[in-house]
Every structure is written in structure tokens, then in C-alpha cells.
Protein chains: 2
Amino acid sequence: MAVNSPVPVAAALLPVAGIELGFAQAGIRKADRKDLLVMKLTPGARVAGVVTSNRFCAAPVQVCKAHLASAAVLADAPIRALVVNTGNANAGTGVTGLVAANETCSALAQLLGCEASQVLPFSTGVILEPLPVERLIAGLPAAIANLSADNWYSAAEAIMTTDTQPKAASRQVQVGEHTITLTGISKGAGMIMPNMATMLGYIAMDANVTQPVLEHLVRQAADSSFNCISIDGDTSTNDCFILIATGVTGTQISSIDSTEYAELAAAVISLAQELAQMIVRDGEGATKFMTVTVEQGRSVEECRQIAYSIANSPLVKTAFFASDPNLGRLLMAIGKAGVDDLDVAQVDLYLDEVLVVRQGGRNPAYQESDGQRVMKQSEILTRVLLNRGNATATVWTCDLSHEYVTINADYRS
Amino acid sequence: MAVNSPVPVAAALLPVAGIELGFAQAGIRKADRKDLLVMKLTPGARVAGVVTSNRFCAAPVQVCKAHLASAAVLADAPIRALVVNTGNANAGTGVTGLVAANETCSALAQLLGCEASQVLPFSTGVILEPLPVERLIAGLPAAIANLSADNWYSAAEAIMTTDTQPKAASRQVQVGEHTITLTGISKGAGMIMPNMATMLGYIAMDANVTQPVLEHLVRQAADSSFNCISIDGDTSTNDCFILIATGVTGTQISSIDSTEYAELAAAVISLAQELAQMIVRDGEGATKFMTVTVEQGRSVEECRQIAYSIANSPLVKTAFFASDPNLGRLLMAIGKAGVDDLDVAQVDLYLDEVLVVRQGGRNPAYQESDGQRVMKQSEILTRVLLNRGNATATVWTCDLSHEYVTINADYRS
């Protein structure tokens, strides 16, 4: 059960003009489940993405990067389709894996009448096992046969692995004189850490945006959404966040200094944050949703370091799981974050509105019963004030439960 | 149950001339358990230590650092005693905590007839709660009353927290023409990460060593023992490794280039490694003991980065707990370690003698049954070969089990 995150309603997911989605049961790893997704784009669409920082970057991610780069340069060969499989990550698979990813692109390109370089491949699942590429390719015609602009809910289901529920959301926003529609899906529940290391996330919108602006926007959105979450501090080999502007609606946005850009960016960031938080709320074994904010730092970097040190600490996470206000563990995590010149005597710490630590020591007015009350909630804000600057960073995370161990000890069985 | 780590036999722990140990039940947190340890040193003894890198350095650690520094400078006021309490870490306790640590030193100094600055205080237990210093001080006379050179086993018991068994070992070694005796104790089972961030460890020896040489030796020993272990990646506010040379036996060792230094250092490092590994084997919830070695790196630093990335990955640790050769997670952990220029196509990976990954991809000859066989063992060696240099690093760690969550969710109850 995801923490305070209801299953999205299919009817509330808005079609985005210029993109169609099709799915299939290709039997990549298990029978009788949707495990293949095709997204077909209108010819004028533009695509930008950010991908994992893991050096063991999976074969499809390597191909994806290459195809994105060539599409950005060659105006006459834009990205026309995306293909996602679950059940196998095609990572740690060497040259064979690259061949399989390229074959996937070629097969889909042939079916759609475009070049292989106009297809972006994505895989998620078990690492270090050969991708059953024949089964994947055999599933493509079925996915193409049911292409539809209304398939967002099924698309969200088709990319799930250990997710307990599909993740999807929509927005409509006024940009200049036009109404822009945005719909996104995401997946991921473990191996979640920042630096685009996260999960699969796709947002499509019918806005008309130049390639450089789209590339700026995808980074900006990632940095304030998918790059702000952590479930276990692990970083996947496969994960990508892709932003698609189908270009069907509105005037072209060609500058990041325009009002239109600001309006669109706000909607993209808001949607990306919602999709990213859905991942945390559905974190493997999660029973609580925690927001960690570090304020008044000298730099965003040091605020992020401390926020992640808290968010990734197994001792902090198990204390939250137990609803135990063992808050000294928060100080431990602040202190070990690697901010060498941190003056801990300046640090204040709040749990929701409860002032727990003042100037580095226990607040004399702090009552354990107040801490206990907040810890029992399913949503908890941890606020750290460094009192030495104006920078802020926020990270979203979940607790560490028995269920996390169970899921990850049994994942392949 | 610690992994392949029998409870030490009291009779096998050798007295070290020049140090006596006394213990008491002070009722710091719980009744009816040894929670107070006093170590009394002969006047000629020298002491050196390394302490936690956590910025929320606990009050006793701050006092300990100051007293070590002044004793090192003032030849006429050497360290005469150490005092350790469990049940309360006296960390995150602000000025009150510093006062309590100083009061502890003063009280013991008065009982022993020395200055407060000649006493080193240590605390371990819950963070952010006031130290019940009156109870601690009230327990000191009982600890002094049973001071004895034969109390090493009880001393090891007196410093336990979530440890399931006491940790202690002895060595005798020939240094030049003299037989030197070394005995050490350690504690710690969670919040274990490197950079002297680890636990409490004390080694006493009857060797005669100058202060600068002792300080070099304590760092050298820490870097190849206590700084090579990880249970959960968390770093305590309180932890210290202390090396005591009582000076009773043998010729003075005044140079790190001497044969005598090499002989003594080998014994100290070997004992420190045994004590450090005991901590990992008794890691909270541990069912397996894992050695992670990264070889053929460009620098020790990058080898350590990768070794720790593996050792601290919750996904790797849960796979080991499950005896599941889901070895792609090892690649994930190598790739996310932050070695930006790592060429993963050069990486080989062995599980014990089984070659799993060759040149970054699955070894064609690898059989899952071979991986399965190794994963079922209680001791597993993971060897990563980077094939780009001559540096090596080793980290010892344990798996992540249900029991870890249980222990840390219930620690204070």
C-alpha cells in the first residue's frame, strides 16, 4: 500500500495531442502481465531526457543517449517512438546487450516506417541477465495494434516492476493564450537515489518548445523532482526521465526568459514532483512519507548533502518506521554528512512544528510526548536549520521496514 | 548470534602489565547490567587515539580529544585513567553534556589522586538524552574497588550495548629481544562506518613507545582495521579507538623505521583487525560476513569508494541475506560509487573463486548454480578487479536482515 497515494483514476488522465500509447504482454520475464509499452509521437515532436549517472549505464540507456543526441542535431530525423520493457534491465550484458537494444529499435522502426535512430529504448528489471529480445520484438505488433491517445493508465501499468500501483497524473495549464495539457507516468520503488538514478519517468505535453529550451526544462524539472528523492540510496543502471513536447498546441517557446516558459516550467515541475513523490510513497515497504528540508545553509550543495545523509540513514529510517522519536539519530546523520566546517552549535531541528534541538543541544522545552505524536503520523517533515546562509534543499524519502527486506530478499523469486 | 565468532574465553585474555580494569553496575539506563568501566594506567603509560569524524562529536569525545592533546604536550601530566559508560551517549546534549563529561573526569581523578585532565571519558548509548551523571559518579567507587589486571573479559562485557557478545582478544609477539603482550576489547554493532566513526576499541600493550610513534601507530592501525568496516553506513557521534602503551616492557621504540616498530605494528594491526571484524560479525542482525576487495585500481581512494559503495548498498546486503545471486546489484553498486572515469568494460567480478563478470558483462561460462553455491556460505569474498592500476582496498561488512530492522526499530524500548 502506497503511503497516502491513491491509485490514479484512468478517466482523469488526459490525452496529449500528438502521442499515442500501446501495450502488450510480451512474456519478457513472467506471463500474463503487461510488460511492453510503445509510445508513438507525431512527426513534429521534440524529446529531451536525463539519464542515470551510474557508470554501469545499461545498454538501452546508452542507445537512448546516442539517439537523443543525433535527433537533437538532425532536424529531419526526430524521435518518433519510445519502447519500454519490464522484467529485464538489459544491464551488465556487454556487447550482446547493445545488439539487443539496437535490434529492438530496428524492429519497431520497421513497423512504424522510420529509422532505428528515431526510436528510444528503455528497460527495467533484473540486471546481468540476457534480454530475451525475440520475445520483446514478437510483442511489438500487439502493442502497435492498440495504440491510442487514451492509454495512459495502461501505459503506467505496463512499466511497473515492484511498484504496488501505477503512477500517473495530468495537468492543464494556461501558457500565454493557450491551454497546454501535460500527462506523465513513472515507475520505481527501489534502487532510488538522485542524479538521475532514479526510475523511469515520462512527461508528454502538447506544447511547442524548441530543442534547447526543452533540454533546459528537462534538467530543471529533474533537479527539483526526481533528483530529490531517495528510497534506499541505491542508484539504478537504467533510469531515465524523458520530456516530450509534441508541438501540436500554441506558439513556439524559444527562450527560457519568457513568461510562457515560466508558466510551462511551473506545470512541468509540479507534475514531475507529483510523479516523483508517488515513487517515494510507493517505496519498497514504505509505511511513512518523509520530507527532509535543510534551510539556511551556505550552499544548496551542503543542504542537499545533509538532507540526503538523513534520508539515506538506515538508523533514521528504522526509527521512523518504529514511530520512535529516537531523534539523536537525526543529529548523527547531520554530523556525518561530510560538511566539514559545520558548526553544530548553530543547528536547530524541528519535527513538524516541534523544536527538538536548539543550538545543537536538546531544546529544554522539548517533551518526548511531542516528538512521539509527530512520529506516529504517516507524513512527517524534518526541518534542519543551519543558521549560516540562505540556501535550502528538500529531499523526499520513506522509512525502512521489514517489508523492504522481504521485498528485496525475494525480488527474483 | 555473531557470524563465525565464538565468545572469547576469559582465561585466554592476557593481563597487560601496567593496566588494571574495574567495572560496576551504575544503573545508567537499565539496572542489573555492567555499564561502567574504569581503566587505570601506570604513571609511565602513553595513550593515543583517533575519534569520530561526525560533526556532532559527543561531549565526552570533545573532552577526550582535549585531554589527549594536553597529555601529549605536558610530559608531567600523562593520562592515568579511562572511564566508559554505556546506556547514554552524552551526545547532542550541549553545554550540559560537556559539564557532565568534565564532572565525570573530576570525580574519577579525585578518587585516583590525579588531575581531571589525566582522565579520558567515553560514552555510548542513546543520543540526545541527558547523561545521569550522578548515577555514573556514584558507581565509580565500586569500579575502583574491583580494579584488577585480570578483568579484561568483564571490561568487554561492561562496554556492550546492542552487542550480542563481548569482543576481546590477546596477542603475544616478539619485539626485538622482548615479548610484548597486547590485549584489546571493542564494542559496536550498528551505526558503523569508517573514518573513526565506528565503535569503541581499546588496545593496551606493555611496550615502551614514544608519543609520536604511538600516534602514528594508532592511525596506521585504525586505517587498516576499524576504518575498513561498515554495518549500515551510519557514523556514530561517539566512537573512539584508543591505543595504550604502558611502557613496562622492553626498550623504547622511538622510530617508525625500526625493525621493532614493524614487529609491534604488525601485532597491533592484526589485533585491531580481529577486534574490528568481531564488530562486523556481531553486526545488528548479521547472518553473513562479507569481505569486499577492490583490486587493480588507480588509487586506494577509488578502491575504497567502490568497496564501500558495495558494502553499504541495501540492495546488495538484502541479496546476500537472501543467498540470492542477484549479482547485477553488485554492478549497480560499482557503477554508482562516484568514480566518474571508471571504464566498466574493464571490470571483472569474482564471488569467491567464481568469475561472474568479465570485461563488464556476464561471463559466458558463469552458471547461476555456482553463484548460488557461494551465496549460501556464511563467509563470502567479493572481488572486483578494475584492471587499471595497482591499488587495493578491503572492506568488511555484513548482510541486511529482518533482524536489523527489528533491533533498530525497537532499540530504545
Yes or no: A:Glu284 in contact with a helix residue (DSSP H, G or I) (Cβ under 7 Å, 6 or more places away or on another chain), acidic (Asp, Glu), at pLDDT below 95 and within 30 Å of A:Ser170 (Cβ to Cβ)? yes
Flagged in region B:348-363 as more than 8 Å from every other protein chain (Cβ to nearest Cβ), touching a strand residue (DSSP E or B) at 6+ places or on another chain (Cβ under 8 Å) and not in a strand (DSSP E or B), in numbering order, are B:Asp352, B:Asn363
Considering only region B:96-114, I want to know if a residue exists there that is crowded, with 18+ Cβ neighbours inside 10 Å, in a strand (DSSP E or B) and within 14 Å of another protein chain (Cβ to nearest Cβ). no
The conditions are (1) in the same structural domain as A:Gln211 (by TED's automatic domain parsing); (2) surrounded by fewer than 18 Cβ atoms within 10 Å (Cβ to Cβ); (3) touching a residue at least 40 places away in the same chain (Cβ under 8 Å), and A:Leu275 fails exactly one of them. Which is it? (2)
Scan region A:363-374 and give yes if some residue there is closer than 30 Å to A:Val7 by Cα, at pLDDT 90 or above and out of contact with any Pro (no Cβ under 7 Å at 6 or more places or on another chain), otherwise no. yes
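Yes/no per residue for (1) away from chain B (no Cβ under 14 Å); (2) in a loop (DSSP other than H, G, I, E, B); (3) within 21 Å of the chain's Cα centre (by Cα):
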residue: A:Ala365; (1), (2), (3): no, yes, no
residue: A:Gly371; (1), (2), (3): no, no, no
residue: A:Gln377; (1), (2), (3): yes, yes, no
residue: A:Arg383; (1), (2), (3): yes, no, no
residue: A:Gly389; (1), (2), (3): yes, yes, no
residue: A:Thr397; (1), (2), (3): no, no, yes
Odd one out for B:Gly335, checked against (1) touching a residue at least 12 places away in the same chain (Cβ under 8 Å); (2) surrounded by 24 or more Cβ atoms within 10 Å (Cβ to Cβ); (3) of a type outside the set (A, V, I, L, M, F, W, C); (4) farther than 24 Å from B:Asn4 by Cβ: (1)
Do any residues in region B:369-380 that are more than 14 Å from B:Val356 (Cα to Cα) have Cβ atoms under 8 Å from those of residues that are part of a loop (DSSP other than H, G, I, E, B) and of a type in the set (S, T, N, Q), where the two are at least six apart or on different chains, and which pairs are they? B:Lys376/B:Ser323; B:Ser378/B:Asn4; B:Ser378/B:Thr287; B:Glu379/B:Asn4
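Looking at A:Arg281, A:Arg304, can you tell me which residue is under 30 Å from A:Leu182 (Cα atoms), out of contact with any Ser or Thr (no Cβ under 7 Å at 6 or more places or on another chain) and either more than 9 Å from chain B (Cβ to nearest Cβ) or touching a residue at least 12 places away in the same chain (Cβ under 8 Å) (or both)?
On inspection, the qualifying residue turns out to be A:Arg304.
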Taking A:Gly125, is it assigned to a helix (DSSP H, G or I), out of contact with any Asp or Glu (no Cβ under 8 Å at 6 or more places or on another chain) and either within 14 Å of another protein chain (Cβ to nearest Cβ) or under 27 Å from A:Val248 (Cβ atoms) (or both)? no
Are any residues in region B:56-80 over 18 Å from the mean Cα position of the chain (by Cα), crowded, with 23+ Cβ neighbours inside 10 Å and either within 14 Å of chain A (Cβ to nearest Cβ) or assigned to a strand (DSSP E or B) (or both), and if so, which ones? B:Phe56, B:Ala59
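Can you find, within region A:311-336, the residue that is nearest to B:Thr93 (Cα to Cα) among those that are part of a loop (DSSP other than H, G, I, E, B) and facing another protein chain (nearest Cβ under 8 Å)?
The extreme case among them is A:Leu327.
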Tell me, yes or no, whether region A:343-357 has at least one residue that is closer than 28 Å to A:Ser225 by Cβ, under 30 Å from the mean Cα position of the chain (by Cα) and touching a residue at least 40 places away in the same chain (Cβ under 8 Å). no
Among A:Ile185, A:Ile144, the single one that is crowded, with 24+ Cβ neighbours inside 10 Å and touching a residue at least 24 places away in the same chain (Cβ under 8 Å) is A:Ile185
Hits in region B:212-264 (condition: in a loop (DSSP other than H, G, I, E, B), touching a strand residue (DSSP E or B) at 6+ places or on another chain (Cβ under 6 Å) and either at pLDDT 90 or above or more than 23 Å from A:Gly328 (Cβ to Cβ) (or both)): B:Thr246, B:Thr249, B:Gly250
Residue pairs meeting the criteria (Cβ under 7 Å; at least 6 apart or on separate chains; first assigned by TED's automatic domain parsing to the domain that holds A:Val38, in region A:78-91; second acidic (Asp, Glu) and not in a strand (DSSP E or B)): A:Asn85/A:Asp35; A:Thr86/A:Asp35; A:Gly87/A:Asp35; A:Asn88/A:Glu129
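The values are calculated or read from the model by the stated rules, or taken from the named source; none is laboratory data. This is a predicted model, so every value here is computed, not measured. No Cβ is skipped: glycine too gets one built from the backbone with ideal geometry, and neighbour counts run over all protein chains shown.
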